[in-house]
Amino acid sequence: MKIKPIDDRVLLQSIETEQKKVGNIIIPDTAKEKPQIGKVIAVGNDEDLKKIVKQGDKVIYAKYGGTEIELEGTKYLIVQKSDLLGIIK
C-alpha cells in the first residue's frame, strides 16, 4: 500500500538522531523528545511545494506539526508546507 499526499502536504519518515549518554542515567522512551528531522518520502501535488522539496530530501519540521500514521509497521508523518522549516543539505 502506498500513500500519496494531496495539496501542500508532505509524507515524512522520522530520522532518529543519536542520543547522548550522560553518566549512568537512563531516559525512558516516553521522556525522549521526538526527532524533528525527517526524510521526504512523497510530495503532494502543489506546484510551489514541488519546486522546494523532492523525494529523498532531509528536512526539519515543526515540533508539534503534522499527523502521525503507521503503515505496514513503519511510522510516518504527514505535514503541511507551512510546518517545513528547512532543508538539510
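Quick note: the coordinates plus some simple rules give every number you see, no bench work behind them. All figures in this text were calculated on a predicted structure; none of them were measured in a lab. Every residue, glycine as well, gets a Cβ built from its backbone with ideal geometry; the counts of neighbours run over all protein chains shown.
Could you grab me the full set of residues in region 62-89 that are of a type in the set (K, R) and more than 17 Å from D8 (Cβ to Cβ)? Let's see the steps before the verdict.
Of region 62-89, the ones of a type in the set (K, R) are 63, 75, 81, 89.
Scanning region 62-89 gives K63, K75, K89.
Quick check on I60: is it in contact with a strand residue (DSSP E or B) (Cβ under 8 Å, 6 or more places away or on another chain), in contact (Cβ under 8 Å) with a residue 40 or more places away in the chain, surrounded by 11 or more Cβ atoms within 10 Å (Cβ to Cβ) and β-branched (V, I, T)? Give the derivation first.
Values: in contact with a strand residue (DSSP E or B) (Cβ under 8 Å, 6 or more places away or on another chain): yes; in contact (Cβ under 8 Å) with a residue 40 or more places away in the chain: no; surrounded by 11 or more Cβ atoms within 10 Å (Cβ to Cβ): yes; β-branched (V, I, T): yes.
The answer is no for I60.
In region 69-89, what count of residues is obtained for those that are within 14 Å of P5 (Cβ to Cβ), in a strand (DSSP E or B) and not polar (S, T, N, Q)?
7
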